[in-house]
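To start, the structure itself, in structure tokens.
The values are calculated or read from the model by the stated rules, or taken from the named source; none is laboratory data. Keep in mind the model is a prediction, meaning the values are calculated, not measured. All Cβ positions, glycine included, derive from the backbone under ideal geometry; neighbour counts span all protein chains shown.
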Amino acid sequence: MEAIKSALNIGSSKPAAIEPSAEQLAQLKEKYTSAGQDHVFTFYEDLSTSDKATLFEQLSGFDPEHINKITDRALNPPKNEDASTQSGLEPLPESATASILDSKTEDIENWYQSGLDLIGQNKVAVVLMAGGQGTRLGSSAPKGCYDIGLPSKKSLFQIQAERIRKVQELAAKKVGTSSAVVPWYVMTSGPTRGPTEKYFQENNYFGLDKANVFIFEQGVLPCISNEGKILLESKGKVAVAPDGNGGIYQALVVSDVMGDMRKRGIEHIHAYCVDNCLVKVADPVFIGFSASKDVDITTKVVRKRNATESVGLILLKNGKPDVVEYSEIDKETAEAQDAKQTGVLKFRAANIVNHYYSFRFLESIPQWAHNLPHHIARKKIPYADLKSGETVKPEKPNGIKLEQFVFDVFPMLDLSKFASMEVKREDEFSPLKNARGTGEDDPDTSKRDIMLQGKRWLEAAGAVVTGESTEVGVEVSPLFSYGGEGLEKFSGKEVKAPAVLEIE
């Protein structure tokens, strides 16, 4: 494990901070001095014994030469990394794609059944990226704790936990066992780990076995000044920020999630973001499709609404699978039409950060994680003045935060090991990004999309849903139905919306 951590340039954590010996302190100071970052010790002698120990531990967790290297690379990316010539962009080939919108019904059913088989054999795990707080929503709590306003008052965490419970039940029934297990690995950040653990404990893990819920934490990186210096938040603490959703790869190794998966015999992993209320957790169709293609990564996409929608696109860039941001694509390319389908964009595969990984690929993380690029976000970062020690709150961006993106690994794959599955936006993607009342990607749209999905499911099962308007729907508990199945008993019956279907 220590060798892996070393390869990833991250320090190991200790149970309690202990003041270092004079020799240990001298060795660490030498590392930072040779990297031109020794100013982090400016106030060391002024600190209490416990604060000295805490700062020493924090500084021991970083390799200052590595920090310099990734900062320089982020600020001065290689030309071929930065140059996105429009001529080098192509949609993924048909051999690497599938679409729920136009695939044969029997193909979708085969993927579903084979996915259930793999879940029933306890070979599937789920990784949830849940490091964000609900800051834009007016809450400092983890975003997964947020109540989007459903009649049941269920939070995002509860909705997703219940989907896991239901898919376990469906899979166990399919393979004829008493139970199936989909372990849930919940990646938090520094501010959200404690509250997330407490929330799960208070809610008895939403009916899941505690032994199958693994809460861990993504890494952090120092914040850097515009002059390339590590910023101090206070006299005894470095200013840090989470290392982006691309930090998932290092965190899987450092937190020994990979070791736990290995012990369980996991072969297939579904990873997604907490803010999507419609996410099909451990989706059997997605798992079955990916396993049938024998790929290492599959990504779910939704069809871009129009040429101007600000979304990243999954495509081929210079022959490699990649994500290209909206801002990198010119108007002509964005508006290009598919030669085979009238009225359909050529580049339409919108990235929704919903991915499949083979376990064999994630096992190789130590070989490639250190090669992933870092990106910069220029921010206003509070810092300790090196002369006075006082905290300064800048009025304009004074530094950068370094982060990695989860999709930066895509170009490392051979095209034969990468695939994409297009799904229906109204069935699988409704992100929670904005405060209530904005009318776009907010709690009201999340609630609406779940309620209208339930209404569609009931109508497909033969029910007659009535209500004051077409916008009024039905909340169908995930414990009642995972994806619209099991609602036959409502055929021919009237359901008055708004309503809630819950297991009694």
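Take the residues in region 314-326 that are of a type in the set (A, V, I, L, M) and closer than 13 Å to residue 97 by Cβ, then tell me which one is surrounded by the most Cβ atoms within 10 Å (Cβ to Cβ). First the steps, then the outcome.
Residues of region 314-326 that are of a type in the set (A, V, I, L, M), as a first pass: 314-316, 323-324.
Restricting the remaining residues to those that are closer than 13 Å to residue 97 by Cβ gives 314-316.
On the way: 314: 27, 315: 23, 316: 19.
It comes out as 314.
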- With (1) touching a helix residue (DSSP H, G or I) at 6+ places or on another chain (Cβ under 9 Å); (2) surrounded by fewer than 18 Cβ atoms within 10 Å (Cβ to Cβ) as the list, and residue 64 as the residue in question, which single condition is left unmet? (2)
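Here is a yes/no grid of residues against (1) at pLDDT below 95; (2) outside the structural domain of residue 112 (by TED's automatic domain parsing); (3) at positive phi:
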| site | (1), (2), (3) |
| --- | --- |
| 269 | no, no, no |
| 275 | no, no, no |
| 281 | no, no, no |
| 291 | no, no, no |
| 294 | no, no, yes |
| 322 | no, yes, no |
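For residues that are assigned to a strand (DSSP E or B) and in contact with a His (Cβ under 9 Å, 6 or more places away or on another chain), tally how many sit in region 207-230. Don't jump to the end; show me each part of the working.
So the first thing to find is which residues in region 207-230 are assigned to a strand (DSSP E or B), and the list is 213-217, 220-222, 224-225, 230.
Next cut, in contact with a His (Cβ under 9 Å, 6 or more places away or on another chain) only: 221, 230.
Looking only at that region, the number is 2.
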- So which of 259, 246, 288 is touching an Asp or Glu at 6+ places or on another chain (Cβ under 6 Å) and either over 30 Å from residue 40 (Cα atoms) or surrounded by fewer than 22 Cβ atoms within 10 Å (Cβ to Cβ) (or both)? 246
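Quick check on this structure: which one of 193, 262 is in contact with a strand residue (DSSP E or B) (Cβ under 7 Å, 6 or more places away or on another chain), assigned to a helix (DSSP H, G or I) and modelled with pLDDT of 95 or more? Steps first, answer last, please.
Values: 262 fails: in contact with a strand residue (DSSP E or B) (Cβ under 7 Å, 6 or more places away or on another chain).
After ruling out the rest, the residue left standing is 193.
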- Query: Name the pairs whose Cβ atoms lie under 9 Å apart, with the first residue in region 474-489 and without any contact (Cβ under 8 Å) to a residue 40 or more places away in the chain, the second assigned to a loop (DSSP other than H, G, I, E, B) and aromatic (Phe, Trp, Tyr), and 6 or more positions between them or separate chains?
  - Reply: 486/480; 487/480
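Out of all the residues in region 238-258, which are under 13 Å from residue 381 (Cβ atoms) and either assigned to a strand (DSSP E or B) or in contact with a His (Cβ under 6 Å, 6 or more places away or on another chain) (or both)? Reasoning before the result, please.
So in region 238-258, the residues under 13 Å from residue 381 (Cβ atoms) come out as 238-241.
Of everything in region 238-258, those that are under 13 Å from residue 381 (Cβ atoms) and either assigned to a strand (DSSP E or B) or in contact with a His (Cβ under 6 Å, 6 or more places away or on another chain) (or both) turn out to be 238, 240, 241.
On the given criteria, is residue 358 surrounded by fewer than 17 Cβ atoms within 10 Å (Cβ to Cβ), under 22 Å from the mean Cα position of the chain (by Cα) and not acidic (Asp, Glu)?
Values: surrounded by fewer than 17 Cβ atoms within 10 Å (Cβ to Cβ): no; under 22 Å from the mean Cα position of the chain (by Cα): yes; not acidic (Asp, Glu): yes.
No.
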- residue 137 versus (1) hydrophobic (A, V, I, L, M, F, W, C); (2) at pLDDT below 95; (3) buried (at least 22 other Cβ atoms within 10 Å of the Cβ): which is the lone unmet condition? (3)
- Task: Search region 475-504 for residues being under 35 Å from the mean Cα position of the chain (by Cα) and in a strand (DSSP E or B), and hand back the single one that is surrounded by the most Cβ atoms within 10 Å (Cβ to Cβ).
- Result: 476
- Message: Looking at 408, 427, 385 in this structure, which one is assigned by TED's automatic domain parsing to the domain that holds residue 291, among the charged types (D, E, K, R), in contact with a helix residue (DSSP H, G or I) (Cβ under 7 Å, 6 or more places away or on another chain) and more than 30 Å from residue 448 (Cα to Cα)?
- Response: 408
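Please tell me if residue 97 is closer than 23 Å to residue 321 by Cβ and of a type in the set (Ser, Thr, Tyr).
Working: closer than 23 Å to residue 321 by Cβ: yes; of a type in the set (Ser, Thr, Tyr): yes.
Answer is yes for this residue.
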- Candidates 59, 92, filtered to the one that is at pLDDT 95 or above, more than 21 Å from residue 232 (Cβ to Cβ) and out of contact with any Lys or Arg (no Cβ under 7 Å at 6 or more places or on another chain): 92
- Flagged in region 67-82 as surrounded by fewer than 18 Cβ atoms within 10 Å (Cβ to Cβ) and of a type in the set (Val, Ile, Thr), in numbering order, are none
